[in-house]
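Asker: Would you mind keeping the following structure in view while I ask a few things?
Where a number appears in this text, it was derived from the coordinates with a stated rule and is not lab data. What you see is a predicted model, and the numbers here were worked out from it, not measured in a lab. Cβ: placed from backbone, ideal geometry, glycine included. Neighbour counts: every protein chain shown.
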Amino acid sequence: MNASVAEPLAHYRAAFEAVRTGYADTAAQRTAAFERFATLGFPGARDEAWKYTSLRRLESRRFPVRDAAGVPCVLPAPLAGHRIAIVDGRRRADLSSGSLPAGLRLRTLAEAQADGESLAALLRVTQGGGTERFAALNAALCPDVVLLDVADGASVDPVEIIVTSTATEPGMSHPRLIIRAAPGSTSRIVLRHSGDDAERLVNSVVDVEVGPDATAHLYRLLDNGARAFHIERIEATVAQRGTFIVHDAQLGAGLARLDLTVRLAAPQAAAELTGLFLADGSRHLDTHVLVDHLAVGTRSLQDYRGIAAGRGRAVFNGKAVVHAGAQQSQARQTNRNLLLTPGAEIDTKPELEIYADDVQCSHGATTGQLDAAAMFYLRSRGLSEIEARSALTRAFTGAVMSRMDHAAFATAVRDILDSRFARLLETQP
Amino acid sequence: MNDIMLSIRDLHAQIGARKILKGINLEVRAGEVHAIMGPNGSGKSTLSSVLAGREGYEVTAGSVEYLGQDLLEMAPEDRARAGVFLAFQYPVEIPGVNNAYLLKAALNAVRKQRGLPEFDAFEFLAMVRDKMKLMQMDESFLNRGVNEGFSGGEKKRNEILQMAVLEPKLALLDETDSGLDIDALRVVANGVNSLRGPDRAIVMVTHYQRLLDYIEPDFVHVLYDGRILKSGDKSLALELEKRGYDWVRQEALVA
């Protein structure tokens, strides 16, 4: 192993050694996880899962682990009536709302262990995909686990989970969240990543289990600072007739990578994954969506809209795999992209693998610019070029925005888009 | 006689290397209605596109003066704000941009230019409702995407609705009658006629005489191969209907 590869690992190993003694009964599990990370290392230049996203800048950083319990922290106004705040990977009661909605139970790692929950599940490292290495690093370094259980048959009021880091200092954090939706339940969870302009690594893992006949909505807003590295792995398993609905707004971070993987594990399980990303400035936003159809009559929809401008770059990789035996399944996949300026770039790759014969599948991806005929039409009515561009850019996101059925979340997303559009449309004719 | 509103002199325009307008001369005064007729490919739509400022046309010679300004130097939105309105032959569908949003933004852009206060949502709605009645359009159209999923007739009505709301000084109607059944044609013509007035000029480009039964022009011009070969009053349109365009060409050749 040459020095340039060994060196970042040595940094992470030192960080791990420094906290390992405090892990007590989870140390063995965490050590195994760390070794998994050490074995996989950072992705190499030929790693297909990182073809368009280089982590060389991240590799060169030596972020200390942040764990600043009790440090004051200013958070934006919540997007739901209940809030759970996670700062540097730890739940902060002082920043969370006093109560949780009926039907929702929250436990920490220690509490869950005391209740007899399996440590293997709480610190699970699933295999495969480009972010497995980071999920392993998360299992090694996460200071705690936030375990949320939605009760059997409960219909739970919306909850915002805000994930942020101690302000102003560079550092890294490894938040870990587990959401388990019991049979027949309905839940709406807003997962909001927020951060300032300090350079940092946020390495987040979200495990979701959607039980039989349950519906789980996840509203994800990535609004980290322009110098943040944000890596996130969201993995969901959906049981019989369960539905997992994701509304994703991948808006901020200097470099972001999301791996969103859904396993439709039992008959009639369904996933609706819609989202948008906006890579302006010099942001690099990478979204990898994978749906595994593993059972009869499963359905999935992927509809992602992407915009890039300036020196921004976005990557979208959407994949649906219909496994043998998953007959009468439906997989629909759309990715539409808009390049607002010539220097911007979006690399999109829709993939469909089908190993069953009685299925309905479609996929398509387009990348284009604002429609010249529509631009002229609007300008011929007196709208300025900026107004016309702005109206058409907003319209482009409309189909995905209109699906966002949580008003406060949709408003927050729209506000961020509006302020970013206003800036980039005015500076870039 | 009113002052000249639009003065086109020796206008030449081309798309790429293809010359389309080959020396157009036309003067339009406030209060006048002009019809420009001609066979397909004569340059009718190019003329209205050049006047509205569509990209892709190169003006190689000539000038267009509008109310004392060099029209060709103006951006499309500045032409619109100065009172030029083009009713499109093929109105563009813009899903996701609300019809009401466009109407209000367009109206306030024009009002701002005229030194009038912007309309608030209430004043705007009251005004648009009236105009929609005139165009026999349901109010639900306001909340749909611009022309999204509209039938051909609905699109043309929407064009005239916009024109009625914006109250332009110079209205250019590009083949507004194409694709309309007789009932829709009546509604559209009725909308246009309601806008006739001493301060407004209307230039209609059309292939067929039919529209002129409903909107009577003061002048009729025959456009052929990029030039106006003949001008006259509305009787010229009837003659064209009867005899076609060829005799005009013959006559021009002899002259």
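Asker: Taking K and R as +1 and D and E as -1, what net charge do the other residues with C-beta under 10 Å from the C-beta of B:GLU118 add up to?
Answerer: +1
Asker: Across every pair of different alpha-carbon atoms, what Kirkwood hydrodynamic radius in Å does the stretch A:279-397 reach?
Answerer: Hydrodynamic radius (Kirkwood, Cα pairs) of the stretch A:279-397 is 15.8 Å.
Asker: Over 28 Å between Cα atoms, which of B:LYS131/B:LYS169; B:LYS112/B:LYS234; B:LYS22/B:LYS112; B:LYS44/B:LYS112; B:LYS22/B:LYS234; B:LYS112/B:LYS156 qualify?
Answerer: In this structure, B:LYS112/B:LYS234; B:LYS22/B:LYS112; B:LYS44/B:LYS112 exceed 28 Å between Cα atoms.
Asker: May I pose another question? May I ask for the equivalent-ellipsoid semi-axes of the stretch A:234-276, computed as the square root of five times each C-alpha gyration tensor eigenvalue and listed largest first in whole Å?
Answerer: Result for the stretch A:234-276: semi-axes of 25, 10, 5 Å.
Asker: Oh, and also: Given H placed 1.01 Å from N in the peptide plane, which residues other than close sequence neighbours of A:GLY306 have an amide H under 5 Å from its amide H?
Answerer: Result for A:GLY306 returns A:PHE277, A:ARG336, A:ASN337, A:LEU338.
Asker: Continuing with this model, one more query. Taking H placed 1.01 Å from N in the peptide plane, check which residues at least 5 places from A:GLY318 or on another chain put their amide H under 5 Å from its amide H.
Answerer: Residues meeting the criterion, in which the H sits 1.01 Å from N, are A:VAL289, A:LYS349, A:GLU351.
Asker: Starting with the fewest neighbours, write out A:TRP50, B:TRP247 ranked by other beta-carbon atoms found within 10 Å of each beta-carbon.
Answerer: Least crowded to most crowded, the residues run B:TRP247, A:TRP50.
Asker: Under a GNM of chain A (C-alpha, springs under 10 Å), which listed residue has the highest mean-square fluctuation: A:GLY382, A:GLY242, A:GLY252?
Answerer: Highest fluctuation among the options: A:GLY382.
Asker: At q = 0.10, 0.13 Å⁻¹, what is the base-10 log of I(q)/I(0) for the stretch A:1-119 according to the Debye formula with one equal point scatterer per Cα and no solvent? Please give it to two decimals.
Answerer: So the normalised log intensities work out to -0.50, -0.80.
Asker: Right, here's the next one. Using the Cα gyration tensor of the stretch A:75-212, with a ≥ b ≥ c the square roots of its eigenvalues, what is the shape: rounded (a/c below 1.5), prolate (a/b larger than b/c) or oblate (neither)?
Answerer: oblate
Asker: Per the helix-only calculation at 222 nm, which mean residue ellipticity applies to the protein assembly as shown, given -39500 (n - 2.57) for every DSSP H run of n ≥ 4 and division by its residues, nearest 500 deg cm²/dmol?
Answerer: -9000 deg cm²/dmol
Asker: Just to confirm a number: summing +1 for Lys and Arg and -1 for Asp and Glu over residues other than B:GLY16 whose beta-carbon lies under 14 angstrom from that of B:GLY16, what do you get?
Answerer: Charge balance in the 14 Å sphere: 0.
Asker: Also, quick follow-up: Would you list B:MET37, A:MET375 from fewest to most Cβ contacts within 10 Å?
Answerer: A:MET375, B:MET37
Asker: Among A:VAL19, A:VAL163, A:VAL87, which one shows the highest mean-square fluctuation when chain A is modelled as a Gaussian network with alpha-carbon springs under 10 Å?
Answerer: The residue with the greatest mean-square fluctuation here is A:VAL19.
Asker: Based on the Kirkwood radius over alpha-carbon pairs, what value in µm²/s does the Stokes-Einstein equation return for the translational diffusion coefficient of the stretch B:4-254 at 4 °C and 1.567 mPa s?
Answerer: Once the numbers are plugged in, D ends up at 70 µm²/s.
Asker: Assign one of three labels to the stretch A:3-370, namely rounded, prolate or oblate, based on the Cα gyration tensor with a ≥ b ≥ c the square roots of its eigenvalues; rounded applies when a/c is under 1.5, prolate when it is not and a/b is larger than b/c, and oblate otherwise.
Answerer: rounded
Asker: Right, here's the next one. Cβ under 14 Å from A:ASP149's Cβ, A:ASP149 left aside: what net charge do those residues give with Lys, Arg +1 and Asp, Glu -1?
Answerer: Once all neighbours under 14 Å are counted, the net charge is -3.
Asker: Now for a different question. Under the classification rounded if a/c is under 1.5, otherwise prolate if a/b is larger than b/c and oblate if not, where does the stretch B:127-192 fall, given a ≥ b ≥ c as square roots of the Cα gyration tensor eigenvalues?
Answerer: rounded
Asker: Taking neighbour counts of Cβ atoms within 10 Å as a proxy for exposure, in what order, fewest first, do B:ILE15, B:ILE36 appear?
Answerer: The most exposed by this proxy come first: B:ILE15, B:ILE36.
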